[in-house]
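Take a look at the structure below.
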Amino acid sequence: MEIIIQPSAEAATSVAARIIAKLLRAKPAAVLGLATGSTPLLLYRGLIAMKLDWRKVTTFNLDEYVGLPPEHEQSYHSFMWENLFRHVNIAKKNVHIPDGMSRNIATFCTQYEAKIRSAGGIDLQVLGIGTDGHIGFNEPTSSLSSRTRLKTLTRQTHRDNARFFGSADKVPHHVITMGLGTILEAREIILLAFGAKKARAIAATVEGPLSAINPASVLQWHPQVKVCLDAAAAKKLKRADYYHWVYANKPDWQQY
Ligand code: F6R
């Protein structure tokens, strides 16, 4: 894992945006895995401002609430179109977001996995992290080799996401999410985390044991993970000095 600690969320995001821009310039038909929530908002704003060419890009979103139609203002369909897709020249047919209204979720999930495979797999997956260590909506005790499937949100995630819905009783209990095994197949992963409330989960992910109780710790298995943090999210890392030292001494060819 490469741990990149920056003074602010803006600075950490701009490292991530540069890595993604470099990929899209080198591989115009890249396949991106995308996240929603408050964390990637700055990233999407930054990518829009870079005026990249998205014509050949394919995207797969991590997750969607079950029971929310795409036009619902809190659906991840709405989120993605509002915050990224409608501002770039992506082809609608290349956008994939789990269908929360699917009548046969198990079949839908199998087909979603097949679509990722037939697109050639995900080149770069963007992740946020929940306060309980979830990535996608793989809640604690998710199988480390899980695939796209239905999950039930924990009470904590349910509470955390009430801020988007106005009240907790409006937050759906179920979601469709890519599995941890699905995420691990991405060729490269960028995990973003900002703010003190993510510090515990980040310390457990980077320096804790690999364990299903902290699902993001599975990223320790992956050979190409960059963790982009602001100072507050990095606060509980015991080896922060070393991560700063590594970043400050990167060879030129490794700069972003
Ligand atoms: C959303 C997702 C989740 C969020 C996580 C953090 O697509 O995959 O794992 O990244 O819940 O959410 P925020 O960014 O709102 O703190």
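The table for this structure:
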quantity: Gyration tensor verdict on region 104-256 (Cα atoms; rounded if a/c is under 1.5, prolate if a/b is larger than b/c, oblate otherwise); calculated: oblate
quantity: Globularity index of the chain, i.e. its alpha-carbon radius of gyration over 2.2 N^0.38 Å; calculated: 0.95
quantity: Length released on extending from residue 107 to residue 22, taking residue separation times 0.36 nm less the Cα-Cα span; calculated: 27.1 nm
quantity: FRET efficiency, residue 242 to residue 145 (Cβ-Cβ, R0 22 Å, nearest 0.05); calculated: 0.15
quantity: Geometric extent, Cα atoms of region 1-100 - Rg, Dmax (angstrom); calculated: 13.8, 39
quantity: Residues of type lysines that residue 151 reaches as a straight line, Cα spacing below 18 Å, ignoring anything fewer than 8 places off in the same chain; calculated: 170
quantity: In nm, spacing of pseudo-spin labels at residue 252 and residue 49 (7 Å Cα→C-beta vector); calculated: 2.8 nm
quantity: Gain on full stretching of the segment that runs from residue 115 to residue 73 - 0.36 nm per residue minus C-alpha separation; calculated: 12.5 nm
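Laboratory data are not the source of any read-out in this text; all were calculated from the coordinates shown. In this text the structure is predicted, and so the values were computed from the model without any measurement. Here Cβ is always computed from backbone atoms with ideal geometry, including for glycine, and neighbour counts include all displayed protein chains.
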